[in-house]
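A.B. asks: This structure is in structure tokens; I'll ask about it shortly.
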Amino acid sequence: MNPEENTADLVARFDFAATLARIAEEVRDLVGQGKVAAYIPRLAEVPADRFGMAVATLDGRVFEVGDAATPFSIQSISKVFTLTLALEALGGDLWKRVGREPSGSAFNSLVQLERESGIPRNPLINAGAHVVADVILSSTPTAQADLLEFVRARADNRAIVMDEEVAASERDAGFRNAALANFIRSFRNLDNPVERVLDFYFHQCALQMSCLDLARAFLYLANRGRCQRSGQSVISAERAKRINALMLTCGTYDAAGEFAFRVGLPAKSGVGGGIVAVVPNALTLAVWSPGLDEKGNSLAGAAALDRFTALTGLSIF
Ligand code: GLU
């Protein structure tokens with residue numbers, strides 16, 4: 001990007017349709033490689049050979065390629081939505097119960113939690129998301145419905161659902177999450193019964209959204225906390241900044257450093273193979289391909305985001 005060029009001008013005249021088509025072609029050999037998450041049995045059934053990508057710009061345009069309209073299980077990407085709701089519910093006091101540092105260990109690790117007395121390193125690992133879920137449950141009697149409503153409003157799509165079969169499948173295999181939540185509760189960092197926290201958590205992970213839905217839904221984080229369509233405040237500009245910072249440092253598992261190095265954007269991934277990235281003041285990107293690398297990020301998805309920032313120069317660095 002020419003440094004004199006204004007991002008808004010660049011976005012307005014950039015041929016994103018052609019860029020996405022080119023990227024889909026370039027990453028084609030990676031699609032189907034990697035491993036589809038199998039520890040949640042229902043996710044193992046998703047065909048590995050899918051690839052979709054979408055861009056949503058702050059001037060209201062949307063571009064797509066491949067399977068961008070196919071809903072998939074967003075899994076950990078949901079942690080960004082719940083963090084938004086928990087920050088609104090509790091404000092800065094949230095940070096007494098969860099940290100803001102990269103964990104440097106797996107997203108479902110137990111070891112660190114013991115050393116750090118039940119205060120999870122950050123809200124984007126599983127333990128942190130359990131605390132965030134607990135905060136939301138304490139703030140409203142209709143937590144699950146509120147989350148669904150929030151996500152539908154952000155994506156402007158009333159058809160978004162939580163897949164009950166995915167939630168049940170994860171619950172039946174969710175021994176590690178149960179261990180984490182019980183452990184946190186033993187340190188008195190959960191107020192609600194562990195079963196309620198886990199039920200909410202498994203349902204948030206079971207949200208089914210497409211790349212188009214996710215790109216639209218994340219626009220408030222590219223737009224200083226404001227809804228791109230209505231202009232209304234979803235969250236303050238300061239909180240949007242903090243959430244983006246956490247995505248950059250903690251959003252892509254134990255590969256966040258490598259991801260920032262390669263892609264240079266705040267992003268959140270999920271084991272369903274989705275990754276959402278934010279170009280502040282410009283646009284959002286969502287990509288989906290179920291084959292994961294050894295750290296749990298979509299193999300073709302990460303490559304596609306890497307190519308996007310290389311081809312367009314749109315990164316935060
Ligand atoms: N529901 C998944 C789990 O708790 C989410 C993992 C992820 O997407 O990072 O294991």
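The values are calculated or read from the model by the stated rules, or taken from the named source; none is laboratory data. None of these values were measured; they are calculated from a predicted model. Reconstructed Cβ throughout: ideal geometry from the backbone, glycine too, with neighbour counts over all protein chains shown.
A.B. asks: Within the group 189, 182, 177, which residue is within 12 Å of the ligand (Cβ to nearest atom) and at pLDDT 95 or above?
C.D. replies: When all the criteria are applied, what remains is 177.
A.B. asks: Could you grab me the full set of residues in the stretch 209-231 that are under 17 Å from the mean Cα position of the chain (by Cα) and small (Gly, Ala, Ser)?
C.D. replies: Within the stretch 209-231, 210, 215, 217, 222, 225 meet the criteria.
A.B. asks: Considering only helices (runs of 4 or more DSSP H) fully contained in the stretch 167-268, which possess at least 3 residues that are in contact (Cβ under 8 Å) with a residue 60 or more places away in the chain and crowded, with 20+ Cβ neighbours inside 10 Å? Before the answer, list the steps.
C.D. replies: Working: elements: 175-186, 194-205, 211-217, 219-222, 237-250, 256-262.
In the stretch 167-268, 175-186, 194-205, 211-217, 219-222, 237-250 are the helices (runs of 4 or more DSSP H) which contain 3 or more residues that are in contact (Cβ under 8 Å) with a residue 60 or more places away in the chain and crowded, with 20+ Cβ neighbours inside 10 Å.
A.B. asks: Search the stretch 250-287 for residues being of a type in the set (Val, Ile, Thr) and within 16 Å of the ligand (Cβ to nearest atom), and hand back the single one that is farthest from residue 317 (Cα to Cα).
C.D. replies: Residue satisfying both the conditions and the ranking: 271.
A.B. asks: Looking only at the stretch 42-59, decide whether some residue is under 20 Å from the mean Cα position of the chain (by Cα), touching a residue at least 60 places away in the same chain (Cβ under 8 Å) and on the phi > 0 side of the Ramachandran plot.
C.D. replies: No, the stretch 42-59 contains no residue that is under 20 Å from the mean Cα position of the chain (by Cα), touching a residue at least 60 places away in the same chain (Cβ under 8 Å) and on the phi > 0 side of the Ramachandran plot.
A.B. asks: Do we find a residue being β-branched (Val, Ile, Thr), in contact with an Asp or Glu (Cβ under 7 Å, 6 or more places away or on another chain) and within 15 Å of residue 292 (Cα to Cα) anywhere in the stretch 74-91?
C.D. replies: No.
A.B. asks: Something else: Looking only at the stretch 109-131, filter to residues that are assigned to a helix (DSSP H, G or I) and in contact with a Phe, Trp or Tyr (Cβ under 9 Å, 6 or more places away or on another chain); which one of those is surrounded by the fewest Cβ atoms within 10 Å (Cβ to Cβ)?
C.D. replies: Among those that are assigned to a helix (DSSP H, G or I) and in contact with a Phe, Trp or Tyr (Cβ under 9 Å, 6 or more places away or on another chain), it is 114.
A.B. asks: Report, ordered by the first and then the second residue, all pairs with beta carbons closer than 6 Å, sequence separation of six or more or different chains, a first member in the stretch 73-96 that is more than 16 Å from the ligand (Cβ to nearest atom), and a second member that is of a type in the set (Ser, Thr, Tyr) and in a helix (DSSP H, G or I).
C.D. replies: Filtered contacts from the stretch 73-96: 89/139.
A.B. asks: Looking at (1) over 19 Å from residue 209 (Cβ atoms); (2) in a helix (DSSP H, G or I); (3) under 17 Å from the mean Cα position of the chain (by Cα), find the lone condition where residue 94 falls short.
C.D. replies: So residue 94 meets the others, but not (3).
A.B. asks: With (1) within 16 Å of the ligand (Cβ to nearest atom); (2) in contact (Cβ under 8 Å) with a residue 60 or more places away in the chain; (3) not in a helix (DSSP H, G or I) as the list, and residue 100 as the residue in question, which single condition is left unmet?
C.D. replies: Evaluating residue 100 over (1) within 16 Å of the ligand (Cβ to nearest atom); (2) in contact (Cβ under 8 Å) with a residue 60 or more places away in the chain; (3) not in a helix (DSSP H, G or I) leaves (1) as the failure.
A.B. asks: Now a separate question. Give the stretch 132-163 a look and list any residue that's in a helix (DSSP H, G or I), among the charged types (D, E, K, R) and within 16 Å of the ligand (Cβ to nearest atom), or say none.
C.D. replies: Correct list: 134 only.
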